[in-house]
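Contents: one structure, followed by commentary.
The values are calculated or read from the model by the stated rules, or taken from the named source; none is laboratory data. None of the values given here were measured: they were computed from a predicted structure. Positions of Cβ are generated from backbone atoms using ideal geometry, with glycine treated the same way; all protein chains shown enter the neighbour counts. The accessibility values were calculated without ligands, DNA or RNA, using every heavy atom of the protein model including side chains. Shrake-Rupley method; radii C 1.70, N 1.55, O 1.52, S 1.80 Å.
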Amino acid sequence: MNGTGNLPQFTSRTLRLAWHVTSVMGLGFAALLVMLASPGAMSARTAAQIVSVTCALCGVVAFVGSRGRHLSWIAFLVIAVLASVG
């Protein structure tokens with residue numbers, strides 16, 4: 001048994017993936033809030049870097065967690081690149 005009852009393995013992995021991606025996004029959001037609370041520390045560039053790193057990590061988690069089968073990793077990596085370029 002895989003810990004999620006009788007769900008197919010792909011569904012089980014997708015649920016686990018969603019949990020981990022949400023955790024990474026929460027940490028990225030927390031980093032943004034910490035930077036906003038620091039006087040003078042937040043710039044548009046800093047915010048973009050935090051978003052870029054957060055989305056890149058989410059892309060890696062999605063790719064590894066789904067073994068490349070769930071295509072959300074592509075969207076996360078595109079967002080990461082666009083945030084770092086913009």
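From the list Ala56, Ala37, Ala44, Ala62, the lone residue that is on the phi < 0 side of the Ramachandran plot, modelled with pLDDT of 95 or more and either aromatic (Phe, Trp, Tyr) or open to solvent by less than 90 Å² (accessible area, probe 1.4 Å) (or both) is Ala56.
I'd like the residue in region 65-82 that is open to solvent by 80 Å² or more (accessible area, probe 1.4 Å) and free of Cβ contacts under 8 Å to residues at least 12 places away in the same chain and, out of all such residues, is farthest from His20 (Cα to Cα). The qualifying residue farthest from His20 (Cα to Cα) is Leu82. Scanning region 6-34 for residues that are modelled with pLDDT under 90 and closer than 15 Å to Trp73 by Cα turns up Arg13, Thr14, Leu15, Arg16, Leu17.
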